[in-house]
Each structure stands twice: as structure tokens, then as C-alpha cells.
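Note sheet for the following structure.
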Amino acid sequence: QVQLVESGGGLVQAGGSLRLSCAASARTVSNHAMGWFRQAPGKEREFVAAVSWGGGITKYADSVNGRFTISRDNVKNTVYLQMNSLKPEDTAVYYCAASRLGLAVTPTSYDYWGQGTQVTVSS
């Protein structure tokens, strides 16, 4: 099965930046839409950003639009989330996910999930 592994999380001060990476185990993930979600303690998993299989279409949650950028490198089988101007409310576990049915904003639309990487933003 497809495996996804996130990396790049950590602790950063408000206003700082992080870049998350999601490495896929197989070349065939290149024809999947990819998404980033986050989940804070006691809260539902929340859509952050998504990118189409070819990289030409992107979507962002209103809360991160203008601050975060999603991109993908299908040669490296890797998806990135560049996070700038981080705020304490961005603190969460960030998950990447793959959808064989296309770009979507709901967690149930995705088939494969990584284990998550912790992002903590201090004030």
C-alpha cells in the first residue's frame, strides 16, 4: 500500500516559518491529489491545503490563504507545505493525505494518510 511520511515539524516562534514535507512510498502517488490537514487536541481534523495530481490546481483554507503554499514534486514523490507568518493558532499535528478520486477538502475523501508531524508555534 501507499505509505506517506511527514517531516519538518517542530517548535517555532510566532511570525516564523516552517516547511513540511510528505514523502510517498511509490511513484504511482503522482496521479493522486494530495492534501494537508491538521488536528489540534480535542478538535476535528481540519483541511489546510490541497493540490491536484499535476500541480496545476490548489486550494487553501481561508485561515491559511496567503500564508501557506502547497506544492509537489512528482519526480521525488514529495509534497510540501511552506508555512510563513505562523501563529499560535496554527499549532497542531499536521497530516498529509492522498486521494485517488481527485482534489477534495473533506478527510473522508482521502485514501492514504501519514502519521503526522507536530507543529508548535509559541507566542
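What the table shows:
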| item | result |
| --- | --- |
| Contact order relative to length of region 1-71, as percent, for alpha carbon pairs under 8 angstrom and 6 or more apart | 21 |
| Modelled FRET efficiency - R0 25 Å, residue 58 with residue 25, Cβ distances, 0.05 increments | 0.60 |
| With every protein chain in place, the chain: carbon and sulfur % of accessible area (1.4 Å) | 47 |
| Dipole magnitude of the chain about its Cα centre (Cβ charges: Lys, Arg +1; Asp, Glu -1), debye to nearest 20 | 220 |
| Rough spin-label spacing in nm, given labels placed 7 Å along Cα→Cβ, for residue 43 and residue 87 | 1.0 |
| Length-normalised contact order for the chain - Cα pairs under 8 Å, 6+ apart - percent | 36 |
| Relative pair counts by distance (%), Cα atoms of the chain, 10 Å bins | 15, 51, 29, 5, 0 |
| Exposure ranking of 108, 58 by accessible area [1.4 Å probe, largest first] | 108, 58 |
| Local electrostatic count at residue 97 - Lys and Arg +1, Asp and Glu -1, tallied over other residues with Cβ under 12 Å | +1 |
| Most positive-pole-ward Cα, 118, 14, 31, against dipole of the chain from beta carbon charges | 31 |
| Gap separating the Cα centres of region 104-123 and region 12-70, nearest whole Å | 7 |
| Those GluC sites (Glu not before Pro) in region 23-93 that DSSP places in a loop and that have at most 15 other beta carbons within 10 Å | 44 |
| Accessible area per residue in Å² at 1.4 Å probe, computed on the chain | 52 |
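The values are calculated or read from the model by the stated rules, or taken from the named source; none is laboratory data. Because the structure is predicted, anything quoted here is derived from the model rather than measured. Here Cβ is always computed from backbone atoms with ideal geometry, including for glycine, and neighbour counts include all displayed protein chains. Side chains included, ligands, DNA and RNA excluded: accessible areas come from the protein's heavy atoms. Shrake-Rupley method; radii C 1.70, N 1.55, O 1.52, S 1.80 Å.
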